[in-house]
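Working notes, structure below.
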Amino acid sequence: QIFTRRGAGPLRFDAFTGMGSRNTQEYAAGISGGGKSVSASLRISHQTTDGFNVAADPVRYRTVNFSTPSADRDGYYQTAVTGNIAFRPADGHELGVTVYAVDGRNQYDAGGPLINAYANVRSSIYIAYTQNRLTANWTSLLRYGRSLDGSTNFAPQRSLFETTQDQWTWENKFS
């Protein structure tokens, strides 16, 4: 399940920044707002760290993984975008779209001490829906979603996986 902040009220901006050990950094910014007939939000974030060196304890690493670690730090970065927009053309009727996309790179130890192993990863989810109050006692929600997930690993051989899933749901509520 994906949650994105729904826009409500006057237009608002927000931002966040954080820093930590191992050159860890996080940045985020967003805008949201909405009224009776339209609401929307958009948020962008980025996280990065230099990581740490698992070779600091190479004996333990070798015991657990049966290989020699690389002496580099294994960091990562990730950039994400989330957003939604909803239109309400009349009371009891709403059309909307939600988007979530993330792209990143994770470094890890594999393949020996001279290999800089890493994985490029990306995921995205797109959702479109229409919710309608058809009578005083009947509300219908029709939703379509698509998720895409992919990873390419280089350790030292290349491996790849990609998946796509489409889903339709139709919910009817009677009260």
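The values are calculated or read from the model by the stated rules, or taken from the named source; none is laboratory data. Computed from a predicted model, the values in this text were never measured in an experiment. Counting neighbours? That spans all protein chains shown, and the Cβs are built from the backbone with ideal geometry, glycine included. Each accessible area value is taken on the protein alone, full model and side chains, heavy atoms only, with ligands, DNA and RNA left out. Shrake-Rupley method; radii C 1.70, N 1.55, O 1.52, S 1.80 Å.
In this entry, Trp170 passes the filter for residues that are among the aromatic types (Phe, Trp, Tyr) and within 26 Å of the chain's Cα centre (by Cα).
Each residue in region 68-94 was checked for being surrounded by 14 or more Cβ atoms within 10 Å (Cβ to Cβ) and either at pLDDT below 95 or under 17 Å from the mean Cα position of the chain (by Cα) (or both), and 16 pass.
The set of residues from region 95-127 being more than 18 Å from the chain's Cα centre (by Cα) and outside any loop (DSSP other than H, G, I, E, B) comprises Leu95, Gly96, Gln107, Tyr108, Ala117, Tyr118.
Ser45 meets all of the listed conditions (1) at pLDDT below 95; (2) part of a strand (DSSP E or B); (3) open to solvent by less than 50 Å² (accessible area, probe 1.4 Å) but one, namely (1). One residue stands out among those in region 1-42 that are among the basic types (Lys, Arg) and assigned to a loop (DSSP other than H, G, I, E, B): the one that is modelled with the lowest pLDDT, which is Arg5.
Residues that are part of a strand (DSSP E or B) and open to solvent by 40 Å² or more (accessible area, probe 1.4 Å) within region 148-157 comprise Leu148, Asp149, Phe154, listed in sequence order.
Being surrounded by 16 or more Cβ atoms within 10 Å (Cβ to Cβ) and touching a Leu at 6+ places or on another chain (Cβ under 9 Å) is not true of Gly104. Scanning region 160-175 for any residue that is more than 30 Å from Gly51 (Cα to Cα) and modelled with pLDDT under 95 turns up at least one such residue. Inside region 119-133, residues that are within 30 Å of Ala71 (Cα to Cα) and open to solvent by less than 50 Å² (accessible area, probe 1.4 Å) make up a count of 4.
Out of Val97, Val81, Val64, I need the residue that is touching a Lys or Arg at 6+ places or on another chain (Cβ under 8 Å) and not basic (Lys, Arg). Which one? Spell out how you get there, then give the answer.
Values: Val97 fails: touching a Lys or Arg at 6+ places or on another chain (Cβ under 8 Å); Val64 fails: touching a Lys or Arg at 6+ places or on another chain (Cβ under 8 Å).
Answer to the selection: Val81.
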